[in-house]
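Here the structure comes first, spelled out in structure tokens, and everything after it is commentary.
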2 protein chains.
Amino acid sequence: MSKYAFGVDIGGTTVKMGLFDKEGCVLDKWEIPTVTDNNGEGILPDIAESIKKVMAEKNITAADVIGVGVGAPGPIDDEGTVFKAVNLGWGVFNIPKVLGGYLNLPVKAGNDANVAALGEMWQGGGKGHSNMVAVTLGTGVGGGIIIGGKIVTGATGAGGEIGHIHIEDAETESCGCKNYGCLEQYASATGVVRLAKRRLAKDEKASSLRQGNISAKAVFDAVKAGDDVAIEIAQQFGDYLGKGLAAVAAVVNPEIFVVGGGVSKAGEILFEYIKPAYEKYAFHGCRSAEFALATLGNDAGIYGAAALVIN
Amino acid sequence: MSKYAFGVDIGGTTVKMGLFDKEGCVLDKWEIPTVTDNNGEGILPDIAESIKKVMAEKNITAADVIGVGVGAPGPIDDEGTVFKAVNLGWGVFNIPKVLGGYLNLPVKAGNDANVAALGEMWQGGGKGHSNMVAVTLGTGVGGGIIIGGKIVTGATGAGGEIGHIHIEDAETESCGCKNYGCLEQYASATGVVRLAKRRLAKDEKASSLRQGNISAKAVFDAVKAGDDVAIEIAQQFGDYLGKGLAAVAAVVNPEIFVVGGGVSKAGEILFEYIKPAYEKYAFHGCRSAEFALATLGNDAGIYGAAALVIN
């Protein structure tokens with residue numbers, strides 16, 4: 001009976017890999033470099049070789065392996081076909097077909113952000129839930145929508161692009177996507193800095209944020225220290241994010257929001273600012289949604305990749 | 001081999017019923033009154049009796065019937081359990097279990113709005129698609145989210161409550177849901193009237209809308225006649241609705257929006273006002289979504305109910 005699964009998370013510089021049992025325990029974790037030369041043509045052969053090596057070392061036969069799950073950056077459809085992954089140099093091809101050809105094992109693949117969301121549902125902050133929205137507050141704002149245990153990829157792979165919900169009519173700076181007033185412009189790490197700079201420029205009110213570099217971390221550290229200006233900034237951040245997540249809830253009505261990414265390192269204090277706004281703007285039927293922090297950090301991708309083949 | 005399915009759409013005054021072949025052709029359609037006396041305890045027995053009568057008349061045996069699908073007003077979970085349908089007097093019980101007991105046939109049930117969305121996907125404006133958002137512009141604004149051919153009911157049955165996406169911070173009147181600034185306050189039939197009254201009160205600019213009763217129909221009739229004030233109102237309606245649907249698209253990235261309900265009787269002209277706003281606010285990956293009018297009208301419910309058991 002098959003007992004093991006491999007989870008593979010392909011990033012721009014390293015490929016993270018994990019060997020899992022089917023209960024979701026990670027038995028081994030390792031990394032190999034991502035070689036993007038020649039349009040990344042060596043990436044999948046390198047992964048196949050690394051998996052074969054681990055199987056040989058541990059006396060794991062093909063019959064022992066449920067399959068290999070892969071997360072990769074770029075739009076990937078439900079059949080595992082990638083449509084250009086610019087960071088890897090990849091064009092259009094079917095990952096399960098190519099990697100499965102090298103390994104003679106079942107392979108499934110998905111977009112890395114969506115796969116990480118699946119990992120958080122399986123063994124992280126969303127454990128025990130099957131209707132979940134993952135919210136990643138990093139350089140941008142990403143999302144992963146999971147309905148009935150399955151990722152919603154959408155018609156063109158743009159499912160869960162919640163950072164680009166329009167949230168502010170008055171915005172004059174453009175978002176990375178070229179629109180104006182996207183959620184990402186206020187709730188990402190750079191968004192918090194934007195809110196902070198604007199607030200500080202408004203008047204001369206004393207704040208520890210007037211010394212040193214402004215970062216999302218500095219803002220939430222100042223909030224924890226009771227800095228009034230930082231608290232105003234956190235309230236604005238929470239209002240935008242709570243409003244955005246209320247819109248998400250009116251569409252898919254999740255059981256839980258699982259919040260990860262760099263900004264989430266501030267911890268539970270985030271929810272003191274997000275939840276009141278969420279409850280204000282959310283439809284009454286959606287107000288009971290839970291909020292939890294992501295717990296798997298950079299391992300969410302390998303967990304979710306393994307979940308692709310196990311669940 | 002089973003060849004037929006029954007679709008049942010329970011409304012507050014009549015129960016609409018249809019006999020379908022499995023290709024989705026309606027072979028017969030009829031109605032019975034909805035008797036809500038004694039907490040609606042007679043509704044399911046009346047439906048069972050009516051189905052048995054039609055089966056006897058047409059020499060249809062139980063083996064010929066794939067099943068009976070039911071749409072009913074109220075929150076209904078994926079197993080067909082209704083959680084209070086106030087219009088029918090119903091409390092909490094499992095519709096498939098009760099109706100299946102009377103009929104000795106497989107029964108499935110869902111919320112009427114969601115079931116109607118499924119009908120439009122199967123044989124209506126969304127035919128050929130499996131990722132679709134149905135938008136109903138009636139007294140309120142309703143929605144039905146379909147992913148991979150399945151309705152998204154959500155954690156508490158509030159999936160697709162897109163009328164309650166917060167869209168206007170400056171609103172001072174409350175929505176039926178008690179929040180302020182919901183999409184429904186501007187894009188429903190009553191919402192269009194609200195926008196019209198506010199616009200007319202703003203100045204004295206000539207408009208045919210200053211005579212007679214203001215209704216959504218009157219506004220779009222005036223738009224078609226080239227009335228400048230009516231066109232301004234339509235632009236505002238389109239801006240709100242386009243913005244709201246762009247938020248929906250950033251979550252589930254549908255292939256198509258299918259627009260129905262009373263306001264949609266204005267026809268394709270609606271899209272002249274919705275689409276430019278949608279394209280302005282939507283994430284680039286979602287901009288190619290199609291827009292179509294619902295085509296099944298009041299029959300969408302029986303089609304969708306039959307689809308519950310056929311698909």
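The values are calculated or read from the model by the stated rules, or taken from the named source; none is laboratory data. Source: prediction; values computed, not measured. FYI the Cβ positions are ideal-geometry reconstructions off the backbone, even for glycines, and counts take in every protein chain you see.
What is the one condition in (1) modelled with pLDDT under 95; (2) assigned to a strand (DSSP E or B) that A:GLY71 does not satisfy?
So the condition that A:GLY71 fails would be (1).
Scan A:GLY191, A:GLY159, A:GLY154, A:GLY212 and give me the residue that is without any contact (Cβ under 8 Å) to a residue 12 or more places away in the chain, crowded, with 24+ Cβ neighbours inside 10 Å, in contact with a helix residue (DSSP H, G or I) (Cβ under 9 Å, 6 or more places away or on another chain) and of a type outside the set (A, V, I, L, M).
Numbers: A:GLY191 fails: without any contact (Cβ under 8 Å) to a residue 12 or more places away in the chain; A:GLY159 fails: without any contact (Cβ under 8 Å) to a residue 12 or more places away in the chain; A:GLY212 fails: crowded, with 24+ Cβ neighbours inside 10 Å.
None of the others qualify; the one that does is A:GLY154.
Return yes or no: is B:GLU57 among the charged types (D, E, K, R) and in contact with a Ser or Thr (Cβ under 6 Å, 6 or more places away or on another chain)?
Criteria not met by B:GLU57.
Quick one: count up the residues across the range A:76-97 that are surrounded by 17 or more Cβ atoms within 10 Å (Cβ to Cβ), of a type in the set (D, E, K, R) and either at pLDDT 95 or above or in a strand (DSSP E or B) (or both).
Residues meeting the conditions: 0.
Any residue at all in the range A:217-233 that is among the hydrophobic types (A, V, I, L, M, F, W, C), more than 20 Å from A:ILE145 (Cα to Cα), away from chain B (no Cβ under 14 Å) and not in a helix (DSSP H, G or I)? Full working, then the answer.
Step one: filter the range A:217-233 for residues among the hydrophobic types (A, V, I, L, M, F, W, C), giving A:218-220, A:222-223, A:225, A:229-231, A:233.
Of the ones still in play, those that are also more than 20 Å from A:ILE145 (Cα to Cα) are A:218-220, A:222-223, A:225, A:229-231, A:233.
From what is left, the residues that are away from chain B (no Cβ under 14 Å) are A:218-220, A:222-223, A:225, A:229-231, A:233.
Filter again for not in a helix (DSSP H, G or I), leaving A:225.
Checked the range A:217-233: at least one residue is among the hydrophobic types (A, V, I, L, M, F, W, C), more than 20 Å from A:ILE145 (Cα to Cα), away from chain B (no Cβ under 14 Å) and not in a helix (DSSP H, G or I).
Is there a residue being buried (at least 22 other Cβ atoms within 10 Å of the Cβ), in contact (Cβ under 8 Å) with a residue 60 or more places away in the chain, away from chain B (no Cβ under 14 Å) and touching a strand residue (DSSP E or B) at 6+ places or on another chain (Cβ under 9 Å) anywhere in the range A:242-254?
Within the range A:242-254, not a single residue is buried (at least 22 other Cβ atoms within 10 Å of the Cβ), in contact (Cβ under 8 Å) with a residue 60 or more places away in the chain, away from chain B (no Cβ under 14 Å) and touching a strand residue (DSSP E or B) at 6+ places or on another chain (Cβ under 9 Å).
Residue-by-condition table, conditions (1) basic (Lys, Arg); (2) on the phi < 0 side of the Ramachandran plot; (3) within 20 Å of the chain's Cα centre (by Cα):
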position: B:GLY12; (1), (2), (3): no, yes, yes
position: B:LYS16; (1), (2), (3): yes, yes, yes
position: B:GLY24; (1), (2), (3): no, no, yes
position: B:LEU27; (1), (2), (3): no, yes, no
position: B:ASP37; (1), (2), (3): no, yes, no
position: B:ILE43; (1), (2), (3): no, yes, no
position: B:ALA56; (1), (2), (3): no, yes, no
position: B:THR61; (1), (2), (3): no, yes, no
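Let's see how each residue does on (1) over 19 Å from the mean Cα position of the chain (by Cα); (2) of a type in the set (D, E, K, R); (3) assigned by TED's automatic domain parsing to the domain that holds B:PRO106:
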| residue | (1), (2), (3) |
| --- | --- |
| B:LEU200 | yes, no, no |
| B:ASP228 | yes, yes, no |
| B:LEU241 | no, no, no |
| B:GLU255 | no, yes, no |
| B:VAL258 | no, no, no |
| B:PRO276 | yes, no, no |
| B:CYS286 | yes, no, no |
| B:ALA306 | no, no, yes |
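Go through B:GLY12, B:GLY42 for me and flag whichever is closer than 22 Å to B:LEU296 by Cα, assigned by TED's automatic domain parsing to the domain that holds B:GLY101 and small (Gly, Ala, Ser).
Details: B:GLY42 fails: closer than 22 Å to B:LEU296 by Cα.
Within the list B:GLY12, B:GLY42, the selection yields B:GLY12.
Output the residues belonging to the range B:3-42 that are in contact (Cβ under 8 Å) with a residue 60 or more places away in the chain and touching a Ser or Thr at 6+ places or on another chain (Cβ under 8 Å).
Taking the range B:3-42 first, the residues in contact (Cβ under 8 Å) with a residue 60 or more places away in the chain are B:3-12, B:16-18, B:20, B:22, B:24, B:26, B:29.
The answer is B:ILE10, B:GLY11, B:GLY12, B:MET17, B:LYS22.
Conditions tested, residue by residue: (1) within 24 Å of B:GLY142 (Cα to Cα); (2) in contact with an Asp or Glu (Cβ under 8 Å, 6 or more places away or on another chain).
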{"position": "B:ALA48", "(1), (2)": "no, no"}
{"position": "B:VAL54", "(1), (2)": "no, yes"}
{"position": "B:GLY67", "(1), (2)": "no, no"}
{"position": "B:GLY80", "(1), (2)": "yes, no"}
{"position": "B:PRO96", "(1), (2)": "no, yes"}
{"position": "B:GLY100", "(1), (2)": "no, no"}
{"position": "B:VAL107", "(1), (2)": "no, no"}
{"position": "B:VAL115", "(1), (2)": "yes, yes"}
{"position": "B:TRP122", "(1), (2)": "yes, no"}
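Out of the residues in the range B:256-295 that are hydroxyl-bearing (Ser, Thr, Tyr) and closer than 20 Å to A:HIS164 by Cβ, which is farthest from the other protein chains (Cβ to nearest Cβ)? I'd like the intermediate steps shown before the answer.
So the first thing to find is which residues in the range B:256-295 are hydroxyl-bearing (Ser, Thr, Tyr), and the list is B:264, B:273, B:278, B:281, B:288, B:295.
With the extra rule that they be closer than 20 Å to A:HIS164 by Cβ, the set shrinks to B:278, B:281, B:288.
On the way: B:TYR278: 11, B:TYR281: 4, B:SER288: 7 Å.
Once the filter is applied, the top-ranked residue is B:TYR278.
Just for strands (runs of 3 or more DSSP E) wholly inside the range A:98-187: which have at least 3 residues that are under 21 Å from A:GLY242 (Cα atoms)? Spell out the reasoning first.
Details: elements: A:107-111, A:132-137, A:141-147.
Answer list for the range A:98-187: A:132-137, A:141-147.
Yes or no: A:GLY128 surrounded by 19 or more Cβ atoms within 10 Å (Cβ to Cβ), more than 19 Å from A:ALA5 (Cβ to Cβ) and either modelled with pLDDT of 95 or more or in the same structural domain as A:VAL248 (by TED's automatic domain parsing) (or both)?
No; evaluated as a whole, the condition is false for this residue.
Within the range A:255-269, take every residue that is touching a residue at least 60 places away in the same chain (Cβ under 8 Å) and assigned to a helix (DSSP H, G or I) and give me the one that is surrounded by the fewest Cβ atoms within 10 Å (Cβ to Cβ). Before you say what the answer is, go through the steps one by one.
Step one: of the range A:255-269, the residues touching a residue at least 60 places away in the same chain (Cβ under 8 Å) are A:255-264.
Narrowing the set further to residues that are assigned to a helix (DSSP H, G or I) leaves A:262-264.
Numbers: A:GLY262: 16, A:VAL263: 27, A:SER264: 21.
Out of the qualifying residues, it is A:GLY262.
Which one is farthest from A:ASN179 (Cα to Cα), of the residues in the range A:118-151 that are of a type in the set (A, V, I, L, M, F, W, C) and away from chain B (no Cβ under 13 Å)?
Within the range A:118-151, the first condition is being of a type in the set (A, V, I, L, M, F, W, C), and the residues that meet it are A:118, A:121-122, A:132-135, A:137, A:141, A:145-147, A:151.
Narrowing the set further to residues that are away from chain B (no Cβ under 13 Å) leaves A:118, A:121-122, A:137.
Values: A:LEU118: 29, A:MET121: 31, A:TRP122: 34, A:LEU137: 19 Å.
By that ranking, first place goes to A:TRP122.
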